[in-house]
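*Asks:* Here it is, the structure in full.
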Amino acid sequence: MTHPKLHPDRALPADPATRAAAREIHAATRDLPLLCLHGHVEASLLADDAPFGDPAELFVTPDHYLTRMLVSQGVAMEALGIAGRDPAALPAETDPRAIWRTFCEHWHLFRGTPTRFWLEYELVEVLGVTGTPSRKTADALYDEIAARLAEPAFRPRALFERFGIEVLATTDSALSTLADHARIRADGWRGEVVPTFRPDSLLHPGRTGWPAEIAALAGLTGVDTGSYDGFLAALRARRRAFAEAGALATDHGHATAASERLPAAEAARIYAEALAGGADPAAAGAFAGHMLHVMAEMSRDDGLVMQIHPGVLRDHDPGVLAAYGPDRGFDIPAGAEFTRALRPLLASFGRDPGLRLIVYTTDETTYSRELAPLAGVYPALRLGAPWWFLDSPDGLRRYREAVTDSAGFYNTTGFVDDTRAFLSIPARHDLARRADAGHLARLVAEHRLTLAEAVETAVDLAYDLPRRAFGISSPGA
Amino acid sequence: MTHPKLHPDRALPADPATRAAAREIHAATRDLPLLCLHGHVEASLLADDAPFGDPAELFVTPDHYLTRMLVSQGVAMEALGIAGRDPAALPAETDPRAIWRTFCEHWHLFRGTPTRFWLEYELVEVLGVTGTPSRKTADALYDEIAARLAEPAFRPRALFERFGIEVLATTDSALSTLADHARIRADGWRGEVVPTFRPDSLLHPGRTGWPAEIAALAGLTGVDTGSYDGFLAALRARRRAFAEAGALATDHGHATAASERLPAAEAARIYAEALAGGADPAAAGAFAGHMLHVMAEMSRDDGLVMQIHPGVLRDHDPGVLAAYGPDRGFDIPAGAEFTRALRPLLASFGRDPGLRLIVYTTDETTYSRELAPLAGVYPALRLGAPWWFLDSPDGLRRYREAVTDSAGFYNTTGFVDDTRAFLSIPARHDLARRADAGHLARLVAEHRLTLAEAVETAVDLAYDLPRRAFGISSPGA
Amino acid sequence: MTHPKLHPDRALPADPATRAAAREIHAATRDLPLLCLHGHVEASLLADDAPFGDPAELFVTPDHYLTRMLVSQGVAMEALGIAGRDPAALPAETDPRAIWRTFCEHWHLFRGTPTRFWLEYELVEVLGVTGTPSRKTADALYDEIAARLAEPAFRPRALFERFGIEVLATTDSALSTLADHARIRADGWRGEVVPTFRPDSLLHPGRTGWPAEIAALAGLTGVDTGSYDGFLAALRARRRAFAEAGALATDHGHATAASERLPAAEAARIYAEALAGGADPAAAGAFAGHMLHVMAEMSRDDGLVMQIHPGVLRDHDPGVLAAYGPDRGFDIPAGAEFTRALRPLLASFGRDPGLRLIVYTTDETTYSRELAPLAGVYPALRLGAPWWFLDSPDGLRRYREAVTDSAGFYNTTGFVDDTRAFLSIPARHDLARRADAGHLARLVAEHRLTLAEAVETAVDLAYDLPRRAFGISSPGA
């Protein structure tokens, strides 16, 4: 069998002169290693290195990009293998072939979406299977995929190596023991997998379960978290543990980018009140903003790169949360604001050479208005890649068009993937490299950049800038 | 005389490969029937089927798109035939030829606007007249148009049939007797004209004249509206009457999309206070938001599709309202918010198979940030076509570029025209089909979609999706 | 030596048919005179007509577009010749050659930015020097530029004439004596240089130093500013003085576009309180909004065109302000709102033939949502050119794409440059003419406009509309 291929010019601009330049630029980045410095793949996947499950388990049930689209057209969660708590609902489908068939029958829904782009890559380039998903092809495709997944060459570590992943960062609760990371390091496999410190659950006293998290923090660190100072000491201890396990960065998923620092006594008072069982929502919110400021200070001190992902309202439908749990596609962006919100943090550390801050957004209006002007002057700040709903062919293009005027290319991080779907990682890098090639090619075609400059910039965006943004020393250094 | 023609490639992308694909895609939709499921043409127009008036009355005086542009360049309302209440102002021009001349002299103002695109279509394709409007051509054009309008082939019903309109929905006050619709049905004409239920004036206790509207509601339904429960019963009665007259949908023009449900007792209390002559603005606003939620519930129960058009500040200049009345071009959009505002409504009915909710906006920032993510997961929600100021070649393009990533094509309604200018209806569908063909052609040229898929999608956008969104059973069903 | 040349098609669209039209359109505007009706060049530059200083002083140290980009990548202000007040910092570099070298070494940072576009124009087209800035070329370039600057043909007045500047408006404190303008007029040079009235420091009682400004206003006018009425009289006197010195316009840099008029007694009360040393921030803000309304009234009365530039948060980093002063690149846009904010002002004067109001924004979201709909109906309002962070190839394109639907071309001012870098003036006009040619060419290529119309519109945008917007009578009149 000949290996099927996607069109070599996919996602490149149509204009012939622009496409010719884009091809040349893309050729320079196509085979570069992948830097996967922010993501949601579990370390256990690579620690276990077990074969992937069936096609439904691999592609459908856990992927909220896919399931949300099917749900939007009336497909029941249960039909996708997602069990709910509503006893009146149908039982969840357990036949993976039936789940896969439901997905294939709805393939047309993904026309024009990035999900379609990624899935085609995964099927054709990663798995080497042929045929377009449809009711008619579903069973044959299922069998073909299942056969591939049974081969040793399609186990996680083999794919990791085939993908050319240089570093893979996972995202881990601040309370994680990082045992899976230790297993990977212990067994001699040469793949670089590092944790990322995500302390959200510890920084929001307003959320249910917060006191239990604080207690667990004490248990894990052996530090008494009964006081605010103890809390800070325990956080520092966890950050140290992450750094020792190879972590490069922290990640913060706050509702807003508010970063106003409170007087220490005020922070301590709110902390104590919250632990005692009651801080009002305004105080809890102020504390979370304060802690973002404190996290920046700790990053400045310990060198962990700080990432902020604000502005998404999680679990928009409380009924879905109650019945099916989180991460079911019901997280919805809301308007974001950075100019005023980040001002306190940047006034403290924005020109401090010790801090590296990376900001992501799902609100495109902030690109040209706030984020590019901020990243274009504060040395601590870098603008992260288009995030979540914006990580698409057109979203990547609009990002470069909007941010380059004020931030240039070199105040962005280059591409940062952000996925829990391991097989989609090379697809996402492929798309980003094509989108950047297309953007740079337009600048060349409009005589705003030379082709040599464009090629050099593309390589920087794909490889050097992510390394620099996350503080990885260059290979030769 | 040979029939004059517009350029067959108008509004299609310039790149040759993209244009070739766009032509092929557009050819598949060009001659499909028109679904006009939301608009402001009066039913009396088709009930009377009288000849249209003179060119000024047809094209200029009532069209706020046109008059606002002329006013913006210093032309007096009066010169356009709009009489004001200011006794110091000039009397309104009554010579239609003079009004038409004023319009023709300002033709250059419309360069690059959708109004120009529509008018060219109306003149050339609908009326078959030649020549570009100008001071020099004004009189000849006037005569040519006037001659056409006198022919039987240019009466409303004849045009309705020539346009290929399959259904035309009007927009009607909830207090309308729907007598004109009854006349159309009664006289045996086969054209399908249905009303749309618009209860805005009943749902905003803060607006002057509200108590009179409530009294009229009681008079029309015979239901005592002295209590909140009676009010709800009367609303249900009117919805029933609309549904019996063929209505497919309701339409709601609130200032915001706020949809927080109040406890029934609280709603009843505000209703009673407002009837008694005084509800404070905050309470009146809360009541309007509450009623949006109640309207969704009633839609779930009676099957009328619910449309929301929020975010336009009506009558921005109070002096214009006082002197010339509403709908003079002084309605201005303001920032809109949906993620938080629609949450209560969607939490109640967003996954209820009984509800179909269509949302429109004049705030493009909400496309990728809020509306596409919402429409891409809630099965009840569909994203309406670009509305009002955004129903333009570039506006239609930006819409598809911004919403497709997260909502795909199939969570949009396809094209929905929204005009009071009957002759512009085919022009608007023509433009939308061209814009969608151009967008799909780009996806084909970038190897993101096959041509066959693009053609099928274009047909769905032009024909099948509007039918499905408004619950019209498919022809073969 | 042959004069080096930039590519003649730079910044024109790549599609061949579109580019051909763009070339033809651009040819019609390329050699038109420059109208520089808003800027920050100092009148003293042209009054003195001294040779420009060295390359660092001319291009680097005072240009916050340049310095902010270098600072964002960790270059110290001091290395750019900017002395700070921190005694622990390095002393500022005083060797202009070293400063120039630092800039040249960082040339790659400007890829894709408008700064790069302008600088290339300044180097090649204005100064006629060759070579791309780099560590290697820095010294040779320095010598070449320095040699040019020593020639009489490169003095300010000679360049003014070579650039084809028809009028240059400076921006001047309301307290300026306008002595430099008087010197220019007095010495018989034929260049037209006019002041612009900028009273911001007088209208914000909340800012430190306000009482001193008010005292200076009294001193300069001889009008007692102890009362609100005296204050208004003194403002009128200054406006008169500016008008007599040739001023065409005023300029207002408020934090927001709020324009609510206060009752006179309330305004007088706040004024008195503020003079006495204390007005709370809310009252001070309300007073500033009130004064915007009053300024509109004075413009209506004296014919000075009113410009508003709202929405930029100045001196985002207080540490930079304290150490290095204002205008160091740390001004950051924030979200803007016009629909509600401008309503009071427009309700009073929006249809008054005496007022001309020009609005600028750094928030692109307001283009299609608020500003184009407002400018498309209020005769007093014109939409200014893309401002500051948006004055770029892609920013100019997005502006036309977003505003033309509702405002057309003729409710915009055409191009208005806004720079303190004298040599960049022709570069900015060149870019704007290319961007408009590209936009118009697309309309031609999409059969939405004839080529003749596009050419005429381009000339209007480059020449006639700025003249009309600022009330300059046409040459033949």
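*Asks:* Looking at segment C:208-221, can you tell me whether even one residue there is among the β-branched types (Val, Ile, Thr) and either in a strand (DSSP E or B) or closer than 18 Å to C:PRO426 by Cα (or both)?
*Replies:* Looking for residues that are among the β-branched types (Val, Ile, Thr) and either in a strand (DSSP E or B) or closer than 18 Å to C:PRO426 by Cα (or both), one finds none in segment C:208-221, hence no.
*Asks:* Quick check, is B:LEU12 within 14 Å of chain C (Cβ to nearest Cβ), more than 25 Å from B:VAL194 (Cβ to Cβ) and part of a loop (DSSP other than H, G, I, E, B)? I'd like the intermediate steps shown before the answer.
*Replies:* Working: within 14 Å of chain C (Cβ to nearest Cβ): yes; more than 25 Å from B:VAL194 (Cβ to Cβ): yes; part of a loop (DSSP other than H, G, I, E, B): yes.
Spelling it out, B:LEU12 is indeed within 14 Å of chain C (Cβ to nearest Cβ), more than 25 Å from B:VAL194 (Cβ to Cβ) and part of a loop (DSSP other than H, G, I, E, B).
*Asks:* Are there any pairs with C-beta distances below 8 angstrom linking a residue in segment A:43-66 that is part of a helix (DSSP H, G or I) to a residue that is among the basic types (Lys, Arg) and crowded, with 21+ Cβ neighbours inside 10 Å, with the two at least 6 apart or on different chains, and if so which?
*Replies:* Filtered contacts from segment A:43-66: A:HIS64/A:ARG328.
*Asks:* Applying the selection to segment C:234-267, what residues are touching a Pro at 6+ places or on another chain (Cβ under 6 Å) and closer than 18 Å to C:ASP363 by Cα?
*Replies:* If the condition is that a residue be touching a Pro at 6+ places or on another chain (Cβ under 6 Å) and closer than 18 Å to C:ASP363 by Cα, then C:HIS254, C:THR256, C:ALA257 are the ones that fit.
*Asks:* Picking from C:LEU275, C:LEU321, which residue would you name as being hydrophobic (A, V, I, L, M, F, W, C) and touching a residue at least 40 places away in the same chain (Cβ under 8 Å)?
*Replies:* Within the list C:LEU275, C:LEU321, the selection yields C:LEU275.
*Asks:* OK, next. Can we say A:GLY226 is touching a residue at least 12 places away in the same chain (Cβ under 8 Å) and on the phi > 0 side of the Ramachandran plot?
*Replies:* Judged against the criteria, A:GLY226 is not a match.
*Asks:* Does any residue in segment C:110-138 that is in the same structural domain as C:HIS429 (by TED's automatic domain parsing) come within less than 8 Å, Cβ to Cβ, of a residue that is assigned to a loop (DSSP other than H, G, I, E, B) six or more places away or on a different chain, and which pairs are these?
*Replies:* Every condition considered, no pair remains.
*Asks:* For A:THR404, work out the one condition from (1) facing chain C (nearest Cβ under 7 Å); (2) touching a helix residue (DSSP H, G or I) at 6+ places or on another chain (Cβ under 6 Å) it doesn't fulfil.
*Replies:* (2)
*Asks:* Take the residues of segment C:365-391 that are of a type in the set (D, E, K, R) and within 9 Å of chain B (Cβ to nearest Cβ): which is nearest to the chain's Cα centre (by Cα)?
*Replies:* My answer is C:GLU370.
*Asks:* Hey, another quick one. Test A:THR102 against the criterion of being closer than 30 Å to A:PRO393 by Cβ, among the β-branched types (Val, Ile, Thr) and either in the same structural domain as A:HIS429 (by TED's automatic domain parsing) or surrounded by 17 or more Cβ atoms within 10 Å (Cβ to Cβ) (or both), and give yes or no.
*Replies:* Yes; evaluated as a whole, the condition is true for this residue.
*Asks:* For segment A:136-150, give me each residue that is closer than 13 Å to A:LEU58 by Cα and of a type in the set (Ser, Thr, Tyr).
*Replies:* A:TYR142
*Asks:* Ok, one more. Report the residue count in segment B:41-66 for those that are more than 16 Å from B:PHE163 (Cβ to Cβ) and under 18 Å from the mean Cα position of the chain (by Cα).
*Replies:* 9
*Asks:* Go through segment C:439-460 and report how many residues are more than 7 Å from every other protein chain (Cβ to nearest Cβ), surrounded by fewer than 23 Cβ atoms within 10 Å (Cβ to Cβ) and more than 14 Å from C:ALA27 (Cβ to Cβ).
*Replies:* 2
*Asks:* Turning to a different aspect of this structure: Got at least one residue in segment B:445-462 being under 18 Å from the mean Cα position of the chain (by Cα), farther than 30 Å from B:THR61 by Cα and modelled with pLDDT of 95 or more?
*Replies:* For segment B:445-462, residues under 18 Å from the mean Cα position of the chain (by Cα), farther than 30 Å from B:THR61 by Cα and modelled with pLDDT of 95 or more: present.
This table checks each residue for (1) more than 27 Å from A:VAL455 (Cα to Cα); (2) surrounded by 24 or more Cβ atoms within 10 Å (Cβ to Cβ); (3) polar (S, T, N, Q); (4) modelled with pLDDT under 95.
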site	(1), (2), (3), (4)
A:GLY335	yes, no, no, no
A:SER348	yes, no, yes, no
A:ARG351	yes, no, no, no
A:GLY354	yes, no, no, no
A:GLU370	yes, yes, no, no
A:TYR378	no, yes, no, no
A:ARG397	no, no, no, no
A:THR412	no, yes, yes, no
A:ASP430	no, no, no, no
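*Asks:* Checking A:ALA27 against (1) among the hydrophobic types (A, V, I, L, M, F, W, C); (2) buried (at least 16 other Cβ atoms within 10 Å of the Cβ); (3) in a helix (DSSP H, G or I), which test does it fail?
*Replies:* Status for A:ALA27: all satisfied but (2).
*Asks:* State yes or no: is A:ALA27 free of Cβ contacts under 8 Å to residues at least 24 places away in the same chain, of a type in the set (Gly, Ala, Ser) and within 14 Å of chain B (Cβ to nearest Cβ)?
*Replies:* no
Residues checked against (1) in contact with a helix residue (DSSP H, G or I) (Cβ under 7 Å, 6 or more places away or on another chain); (2) under 30 Å from C:GLY191 (Cβ atoms); (3) in a helix (DSSP H, G or I):
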position: C:ARG239; (1), (2), (3): yes, yes, yes
position: C:ASP251; (1), (2), (3): no, yes, no
position: C:ALA258; (1), (2), (3): yes, no, no
position: C:LEU262; (1), (2), (3): yes, no, no
position: C:ILE270; (1), (2), (3): yes, no, yes
position: C:ALA279; (1), (2), (3): yes, no, no
position: C:ALA284; (1), (2), (3): yes, no, yes
position: C:LEU292; (1), (2), (3): yes, no, yes
position: C:ALA296; (1), (2), (3): yes, no, yes
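*Asks:* Here's something else I'd like to know. I need the full set of residues from segment C:167-191 which are touching a residue at least 60 places away in the same chain (Cβ under 8 Å), of a type in the set (Val, Ile, Thr) and in a loop (DSSP other than H, G, I, E, B), in order please.
*Replies:* Passing the criteria: C:THR170, C:THR171.
The values are calculated or read from the model by the stated rules, or taken from the named source; none is laboratory data. No experiment lies behind these values; they were computed from the predicted model shown. Glycine also receives a Cβ, built like all others from the backbone with ideal geometry; neighbour counts cover every protein chain displayed.
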